[in-house]
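The values are calculated or read from the model by the stated rules, or taken from the named source; none is laboratory data. Being a predicted model, the structure only gives us computed values, none of them experimental. Because the Cβ atoms are built from the backbone with ideal geometry, glycine has one as well, and the counts that use them run over all protein chains shown.
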Amino acid sequence: MRRVAGIDVGGTFTDLLLTEQDGTGVAVKLAKVPTSIANQAVGVVKAIEAAGASPADLDLIIHGTTATTNAVLERKVAKVGLITTEGFRDILELGRRTRPRAYGMTGTFEPLIERPCRREVAERMNAQGDVVTPLDEAAVKREAEALVAAGCEAVVIHFLHSYANAAHEIRAGEIVRSVWPNAYVTLGHELLSEYREYERGTTASVNAAVQPILDRYVQHLQGDLSAKGFRRDLLVMNGNGGTVPATLVAREAAKTVMSGPASGVMAAAATLSQSGLTNAITYDMGGTSTDVALIHGGVPEVSAELTIDYGLPIHLPMVDVRTVGAGGGSIASVNTAGMLQVGPHSAGSEPGPICYGRGGTRPTITDANLILGRLDPDRLTAVQSKVSLDDIRAIFEGDLATPLGMSVEEVAAAVIRLGNVHMSGAIRMVSLSRGYDPRDFVLFAFGGAGPLHAVALARELGIPEVLVPARPGLTNALGCLVADLRQDRVNTVNKPLDQVDMDEVKRLMTAQRDSALAVVEEEKAEIEETVVIHGADMQFRGQTHLIRVPLASPDVTREDIQAAFEKAYFHRFQVRLPEIRAVLVNLVTSVIGRRRAFPLSSLLASADRKASAAEAVMGERQVHADGRWWPAKVYARDALPIGASVTGPAVIQQIDATTVIEPGATATVDAIGNLRVKV
Amino acid sequence: MNLHSPPPETKALDALTLAVIQAGLQQVCNEMDIAFSRSAFSPVIAEADDRADGIYDRDTGALISQGEFGLPVFVGTMQHSTGHIIRLIGEGRAGKPEPGDIYIVNDPYLGGTHLMDVRFAKPVFVDGQLFCWLQNTGHWPDIGGMVPGGFSAHATEVEQEGLRLPPVKLFKRGEMDAEIFAIISSNIRIADQRIGDIKAQAAALLVGETRLMDLVAKYGAATLDAAIAQIRARSAERMRAEIRAIPDGIYKAESFVDSDGVVNEPLRIALTVTKTGETMQFDFSESSPPCQGPMNSVFATTCSSVYLGVKHIFPDVPINSGAFEPLTILKPEGTFLDAQYPRPVSGCAAEVSQRIAEAVFLALVQAIPDKVTAAPAGTSGNFALGGFDPVKKAGYVMYQITGGGYGGNAGHDGLTNGCSTIGISKTAPVEVMEQYYPVLFRRFALREGSGGAGKARGGFGVHYEVELLRGEARASFVMDHGRFGPPGVLGGKDGAPNIVKIHRGAETTIPEHLSKDQGLRIRAGDRVEVMTPGGGGYGDPAKRDAADIARDVARGYYTAAEAEALWGRRG
């Protein structure tokens, strides 16, 4: 018997999926326990026990954590020192002249490394990587000692143009380690060998600031697990959608930031591939925000230009998840112009929607769902003290319906519709702006509230089909179980393609591949297949935005690269520009160790399935849709048989989510247990 | 109410349809913004987002909706521009619109800014009838004229500033007019890259038209028309509600442009805001007369600067012409804020606009101190270096733009190195500049001590120093606040003024006009040093929290002696 647990720690809940595989088949167990905020490790152990297992029984744990994300957002990070090029210690504080919002001359920003701990030494490279000023080694030693004395726990060494020549950073690193033996030394070029000093330096500072936090957390977790008898491997999720061994994860700690949303997208990609689909827009709606990502050709889009918070870009390849500031807690109001408005303010999870009974007094999207019978008031999970539907209706009446001259039902429907309109706008921005047409995709809905809105949202977007996976509320934990091992490498070239030294291209790509393979193969026990993906970031001379172009191998020719770029450019912009030269900006290589396919069909136990849809009916309730009340059957998701069809209006309930099938839509349970809704 | 089919045309619009159409129109504009930037060639558009897109009324040119990612200074200009096109068509001075046409125009006096801001306007037809106009503005990196880039500090008439185009059809029924393009391309520098930008600018309008047609198909032209009228009325009501909360009164303020670049005297912007009930009137009539140099502002830019200042104060009010209805801007005839042909205007969009917005802030902070900040740095910090690189054997024009400190405010200290008031564009990285141009930055640092003292201090400016490595070059500057720092308010002190220094060997010179000059000769080894303004302080410095003063000293923002002098304490 081999037991593997995927455990995702979210803001509210810690989710677990446990697979038990023996000669006869696979069984799946699940658990959902409250996240232990102070020390996430406590909740992790509880989740394992809640699934009726013990850490001692487990062969492998794959873990997603928000420890580093929260540390950065709340600025509860380690004290970090910076040693940098003379004249440039303020780069991290100055940024690139921005403000948080286009309108409003306010805002604040605190860099992760405070000014007294940012120290300068004489040294300088130029853009070609030639030494302009030699490294002042005595100064490095002096400043390192000063940082120790100041109580710093980690250090960043960040020199200008280190992507072109890293010699000074490497030498400075040796000196720092010699006077200050320290596991937390981040050299700017090591994480990201790409130009742009602010972004590279900030990425390094995020790494150093969370390294000690992550290291302590992982050690704590391993301690707690081994105290309970766990002796095997622990893998940790990265934001690139892959996993790394716990022993190595702190070295590149910045890669765990934003790993939570990435794991959900990896689960979606695995589910799509087993469903025979290739294109999806993933839609994970929670209480305060919604995460949206795009999977094309079976592969999640990756971006190296994400921003975790104002002024904190992390330029590492990560699954391109865009967060929209709208969720179930988004507040509806009538503005001073007498117009209905949904968001941007949110009741969040505290106080939350009115129905949570935690002091919320303003109408939210979740409350609107309750009024319209789309949610079952008796099955809300986050309720503190029960609020009657009449009380919620009274607030909708006073705040919205009366001023707008509408009925309570009309206004609740309007709140949901307007929320969907904003959401569809945000989704269009991530799909259309990259040259994709939403109509070529399915909407992959998960998270607590995703399935509730997905069918209506798909209609708004013109997406023909919604897919609700078997366990929409446990998708991130599933992501841990299906995630591949993954290593990414980037090097800047930045030369016109016709001037690039193709031998250099070959050398760089080969070195990228070899160093990434070495890390992935440390875990070869878990891997079924190793895939190497090469690519180039390109642009036409004079442009600043980049396009990622796939390349077959390090032996690629100049003509291959030119042709691939022209094709990709035309796809995105429908414009051909034969008169302008192409520029090769970055070479990128990803090595992916593919894990064995996860048996998704076992996520919902076959024993629970009835013989027909009719037998899965739990009851009936009034649901408001298309401007009227309908009697709608309520189905138990677990009891629906494979192949069953349900025609809207209907509600399909399961422990972790509610799916609303709008009038006119038809849901079918596919061969592996997904709900496939033709909208 | 049926959510999935359009309401009958006759039915009064319900709250939902209205909100959905408003969001839909906004989305059309946002998509135009994104499409334009992502496919443009000029870094000034692609990276700096110096562009904007919007939808305009078919009869009046009034703004219906504008993209949220557009450059703030264009918030009100394009409705003037569309209005002029409509007028000229009516007078037979521009061709009649047909489907597929795109007009090009950059005449500043026809609702523009400076010549580099080139507008494309596309009539949109539904069933053969003109339904609305789409228009976008893109800042071209060159439009001819006496200096590369167009920012001549010494121009005295508009002809010296570049090629001026009245509204002419660059695209006729979907086809580009090669003859007009030939005229344009033989009058501008680096013309070979413009074709890429022209295609991007036109393609953005096509994206907008396609998406707008989706809305027309869904709701019908008549419903959209009714919704647009109602949205405009609602926006006006929303702005009136904000204005009602401002105490009635007369609020006066002044701000100063260092000089016009030709005559070394400050230009005065004198603003009187009269707030009565739910309207505000902006009177600039006491301002300086038209100037010889390029710091004149055309009326469209003057109006737009007021709008963007107000929008910075009330950021939640949606942008359309309704929001501007309660604001009356008296035409400041006879002043430099109502430029007439042939006054040169290249400085109006980048610098004068920011002084106008500053005057709006300084007037209204007296009335609503919780909502308005002390003066921000308020300059785009344009530094251009043009020369010939003997190693690459090629000419180049380098632009460096920098931010400065924002004003302290009721909530917190001012932001450090914030973007110009009118912009949203980022500074290019030092590593990128050094790759492209023969320069080496000796420092790029926070400008210590530059934030104006106050209960909340101003944010800090930037202090950089750049050396020419080889060959020869000419340096030009269009900056401001060199003579006076950004004003503090409510007892706060002014931020530090802008400083430019040229170091040639042991000799250091400061430009005669402090913040503006052109064609300064720079040789290998010479260095240009720039210190951008800090923000104004807000409130009485004596009321500042001692811990904040001590923190600022510990961070080296101020020396202990400076803190003592500014706050009377060291923490």
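Taken over segment A:154-168, residues that are in a strand (DSSP E or B) and of a type in the set (A, V, I, L, M, F, W, C) amount to 4. Would you point out the residue of segment B:402-435, among those that are of a type in the set (A, V, I, L, M) and buried (at least 24 other Cβ atoms within 10 Å of the Cβ), that is farthest from the other protein chains (Cβ to nearest Cβ)? If we take residues in segment B:402-435 being of a type in the set (A, V, I, L, M) and buried (at least 24 other Cβ atoms within 10 Å of the Cβ), then B:ILE422 is farthest from the other protein chains (Cβ to nearest Cβ). Where strands (runs of 3 or more DSSP E) fall entirely within segment A:218-314, those with at least 3 residues that are hydrophobic (A, V, I, L, M, F, W, C) and within 13 Å of the chain's Cα centre (by Cα) are at A:290-296.
On the given criteria, is A:VAL677 in a strand (DSSP E or B) and touching a Ser or Thr at 6+ places or on another chain (Cβ under 8 Å)? Working first, answer last.
Values: in a strand (DSSP E or B): yes; touching a Ser or Thr at 6+ places or on another chain (Cβ under 8 Å): yes.
Considered against the rule, which asks whether it is in a strand (DSSP E or B) and touching a Ser or Thr at 6+ places or on another chain (Cβ under 8 Å), A:VAL677 comes out as yes.
For segment B:460-468, indicate whether the set of residues that are under 30 Å from B:GLY144 (Cβ atoms), without any contact (Cβ under 8 Å) to a residue 12 or more places away in the chain and more than 24 Å from the chain's Cα centre (by Cα) is non-empty. No, there is no match, as no residue in segment B:460-468 is under 30 Å from B:GLY144 (Cβ atoms), without any contact (Cβ under 8 Å) to a residue 12 or more places away in the chain and more than 24 Å from the chain's Cα centre (by Cα). When segment A:104-132 is filtered for residues that are more than 30 Å from B:LEU308 (Cα to Cα), more than 10 Å from chain B (Cβ to nearest Cβ) and either out of contact with any Leu (no Cβ under 8 Å at 6 or more places or on another chain) or of a type in the set (Asp, Glu) (or both), the ones remaining, listed by number, are A:GLU123, A:GLY129, A:ASP130, A:VAL131. For segment A:473-483, the criterion of being of a type in the set (Val, Ile, Thr) and under 30 Å from A:VAL4 (Cβ atoms) is satisfied by at least one residue. Taking the condition over 24 Å from B:ASP494 (Cα atoms), of a type in the set (S, T, N, Q) and more than 10 Å from chain A (Cβ to nearest Cβ), does B:SER259 pass? In short, no.
Do we have any residue at all in segment B:484-493 that's more than 9 Å from every other protein chain (Cβ to nearest Cβ), surrounded by fewer than 19 Cβ atoms within 10 Å (Cβ to Cβ) and in contact with a helix residue (DSSP H, G or I) (Cβ under 8 Å, 6 or more places away or on another chain)? Yes, segment B:484-493 has at least one match.
Taking the criterion of being over 30 Å from A:GLY343 (Cα atoms) and among the acidic types (Asp, Glu), the only residue of segment A:239-297 that qualifies is A:GLU252. Comparison of B:ASP316, B:ASP260, B:ASP283 shows that the only residue that is out of contact with any helix residue (DSSP H, G or I) (no Cβ under 6 Å at 6 or more places or on another chain), within 20 Å of B:GLN66 (Cβ to Cβ) and among the charged types (D, E, K, R) is B:ASP316. Residue count for segment A:634-667 satisfying the condition of being closer than 23 Å to A:GLY448 by Cβ, assigned to a strand (DSSP E or B) and either out of contact with any helix residue (DSSP H, G or I) (no Cβ under 9 Å at 6 or more places or on another chain) or within 14 Å of chain B (Cβ to nearest Cβ) (or both): 4.
If the condition is being buried (at least 17 other Cβ atoms within 10 Å of the Cβ) and either among the basic types (Lys, Arg) or more than 30 Å from B:ASP526 (Cα to Cα) (or both), then segment B:367-398 contributes B:ALA367, B:ILE368, B:LYS371, B:VAL372, B:THR373, B:ALA374, B:ALA375, B:PRO376.
Once segment B:205-262 is narrowed to residues that are charged (D, E, K, R) and part of a loop (DSSP other than H, G, I, E, B), the residue that is farthest from B:GLU278 (Cα to Cα) is B:ASP260.
Out of curiosity, is A:ILE331 of a type in the set (Val, Ile, Thr), assigned to a strand (DSSP E or B) and farther than 30 Å from A:LEU546 by Cα? Steps first, please.
Working: of a type in the set (Val, Ile, Thr): yes; assigned to a strand (DSSP E or B): yes; farther than 30 Å from A:LEU546 by Cα: yes.
Against the criterion (of a type in the set (Val, Ile, Thr), assigned to a strand (DSSP E or B) and farther than 30 Å from A:LEU546 by Cα), A:ILE331 qualifies.
Examine segment B:448-458 for a residue that is within 12 Å of another protein chain (Cβ to nearest Cβ), closer than 30 Å to B:GLY411 by Cβ, small (Gly, Ala, Ser) and within 23 Å of the chain's Cα centre (by Cα), and state whether such a residue exists. Yes, some residue in segment B:448-458 is within 12 Å of another protein chain (Cβ to nearest Cβ), closer than 30 Å to B:GLY411 by Cβ, small (Gly, Ala, Ser) and within 23 Å of the chain's Cα centre (by Cα).
Among the residues of segment B:218-236, those that are more than 30 Å from the chain's Cα centre (by Cα) and of a type outside the set (D, E, K, R) comprise B:TYR219, B:GLY220, B:ALA221, B:ALA222, B:THR223, B:LEU224, B:ALA226. Of the residues making up segment A:73-103, those that are more than 10 Å from every other protein chain (Cβ to nearest Cβ), touching a Leu at 6+ places or on another chain (Cβ under 8 Å), under 18 Å from A:GLY188 (Cα atoms) and surrounded by fewer than 24 Cβ atoms within 10 Å (Cβ to Cβ) number 0.
Scanning segment B:49-60 for residues being surrounded by 24 or more Cβ atoms within 10 Å (Cβ to Cβ) and away from chain A (no Cβ under 14 Å) gives a total of 3. Just one residue in the set B:PRO318, B:PRO294 is out of contact with any Leu (no Cβ under 8 Å at 6 or more places or on another chain) and either under 22 Å from A:GLY338 (Cα atoms) or at pLDDT 95 or above (or both); that residue is B:PRO318.
Given the structure, is A:VAL140 free of Cβ contacts under 8 Å to residues at least 60 places away in the same chain, away from every other protein chain (no Cβ under 12 Å) and in contact with a helix residue (DSSP H, G or I) (Cβ under 6 Å, 6 or more places away or on another chain)? Please lay out each step first, then the result.
On the way: free of Cβ contacts under 8 Å to residues at least 60 places away in the same chain: yes; away from every other protein chain (no Cβ under 12 Å): yes; in contact with a helix residue (DSSP H, G or I) (Cβ under 6 Å, 6 or more places away or on another chain): yes.
In short, yes.
Inspection of segment A:492-506 finds no residue satisfying the criterion of being modelled with pLDDT under 95, part of a helix (DSSP H, G or I), within 19 Å of the chain's Cα centre (by Cα) and farther than 20 Å from A:VAL430 by Cα. At least 3 residues being away from chain B (no Cβ under 14 Å) is the threshold, and among the helices (runs of 4 or more DSSP H) wholly inside segment A:371-468 those reaching it are A:389-396, A:450-461.
Every residue in segment B:128-182 that is of a type in the set (Ser, Thr, Tyr) and closer than 30 Å to B:THR223 by Cβ, please. Break it down stepwise before answering.
Initial filter on segment B:128-182 (of a type in the set (Ser, Thr, Tyr)): B:137, B:152, B:156.
Scanning segment B:128-182 gives a single hit, B:THR137.
Among the candidates B:GLY414, B:GLY386, B:GLY407, single out the residue that is part of a strand (DSSP E or B) and either in contact with a Leu (Cβ under 9 Å, 6 or more places away or on another chain) or touching a residue at least 12 places away in the same chain (Cβ under 8 Å) (or both). It would help to see each step written out before you state the result.
Numbers: B:GLY414 fails: part of a strand (DSSP E or B); B:GLY407 fails: part of a strand (DSSP E or B).
Going through B:GLY414, B:GLY386, B:GLY407 in turn, the sole match is B:GLY386.
Take B:VAL345 and tell me if it is in contact with a Pro (Cβ under 6 Å, 6 or more places away or on another chain) and more than 10 Å from chain A (Cβ to nearest Cβ). So B:VAL345 passes the test. If the condition is being surrounded by fewer than 24 Cβ atoms within 10 Å (Cβ to Cβ) and closer than 28 Å to A:VAL45 by Cα, then segment A:196-216 contributes A:PRO212, A:ILE213, A:ASP215, A:ARG216.
Could you tell me which of the residues B:GLY174, B:GLY249 is outside the structural domain of B:GLY54 (by TED's automatic domain parsing) and either modelled with pLDDT under 95 or under 30 Å from B:GLU351 (Cβ atoms) (or both)?
On the way: B:GLY174 fails: outside the structural domain of B:GLY54 (by TED's automatic domain parsing).
Result: B:GLY249 is the single residue among B:GLY174, B:GLY249 that is outside the structural domain of B:GLY54 (by TED's automatic domain parsing) and either modelled with pLDDT under 95 or under 30 Å from B:GLU351 (Cβ atoms) (or both).
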